[in-house]
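The values are calculated or read from the model by the stated rules, or taken from the named source; none is laboratory data. Keep in mind that this is a model prediction, so the values were computed, not measured. In this analysis, Cβ positions are derived from the backbone assuming ideal geometry, glycine residues included, and neighbour counts consider all displayed protein chains. Accessible surface is based on the protein model in full, side chains and every heavy atom, while ligands, DNA and RNA are left aside. Shrake-Rupley method; radii C 1.70, N 1.55, O 1.52, S 1.80 Å.
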Amino acid sequence: MPNEEIGWTIVRAYIRTIAFAEGTWYPGRNDIDAYRTQALSYRQIPLSYAFKDHPYWTDRIIPCTGVGSERLCSACTGALQWHPDTYAAVRDRWKTAFWFEDGKFSPRNQDLAGIYKLQELGIWNILYSGIDWKQSQVMVSRTAFSKALSQSASTWASLPRYEGDGSGYHGQGARSIDKLYPFFLQQLRSQES
């Protein structure tokens, strides 16, 4: 694999891993369905709503569930389960950068916002520090991957804060590194030609 492709291979694998941790994507699921997933119920957004500006519509169509202190409310939507405030903040900070479809909440912009957010968090440097080659395949060490997850966990609550963490941020259960690292490696391998 040429060196210029290594970065994008790692980017795609990591973003797909976040979507897997968030429960929106899994092998065999249609990609477009992941981008139209609402929080909590993980139901699909009707296509007529799917690509509107995220911060202005999701709060109105996602109901709270539960009763009393057990109420769960979320406006997170899309493959990476973007919270409206987080998505809007990323879009505003990167307003002079390239966006597809005028910045609408399209699948390409969801991923692009993920790339921008992960760049802000310093994830690419962490992952690149762990690059290794095994039998002509690009690999990222478990140590670097674990550190990247920890750094990303405050944005994506389903990511573990540290090795062995099961609670995650915001009271949401986190996927274990033992489940996420093999998935990430599988995503790296699936992109190799």
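Some notes on this structure:
- Odd one out for R108 among (1) more than 23 Å from T77 (Cβ to Cβ); (2) of a type in the set (D, E, K, R); (3) open to solvent by 70 Å² or more (accessible area, probe 1.4 Å): (1)
- Tally, over region 174-183, of residues that are out of contact with any Lys or Arg (no Cβ under 6 Å at 6 or more places or on another chain) and in a helix (DSSP H, G or I): 6
- Residues of region 84-93 include none that is free of Cβ contacts under 8 Å to residues at least 12 places away in the same chain, under 20 Å from Y181 (Cα atoms) and open to solvent by 20 Å² or more (accessible area, probe 1.4 Å).
- When W99 is tested against (1) closer than 25 Å to Q191 by Cα; (2) buried (at least 21 other Cβ atoms within 10 Å of the Cβ); (3) of a type in the set (A, V, I, L, M, F, W, C); (4) modelled with pLDDT under 90, exactly one condition is not met: (2).
Quick grid of which residues meet (1) closer than 15 Å to A21 by Cα; (2) in contact with a Phe, Trp or Tyr (Cβ under 9 Å, 6 or more places away or on another chain); (3) among the hydroxyl-bearing types (S, T, Y):
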site	(1), (2), (3)
N109	no, yes, no
L112	no, yes, no
L118	no, yes, no
S167	yes, no, yes
L180	yes, yes, no
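- Within region 24-54, considering residues that are assigned to a loop (DSSP other than H, G, I, E, B), open to solvent by less than 30 Å² (accessible area, probe 1.4 Å) and under 18 Å from T155 (Cα atoms), the one modelled with the lowest pLDDT: A39
- The residues of region 129-141 that are within 29 Å of G78 (Cβ to Cβ) and loosely packed, with under 14 Cβ neighbours inside 10 Å amount to a single one, S129.
- Test result for S190, modelled with pLDDT of 85 or more, within 14 Å of I18 (Cβ to Cβ), surrounded by fewer than 18 Cβ atoms within 10 Å (Cβ to Cβ) and not basic (K, R): no
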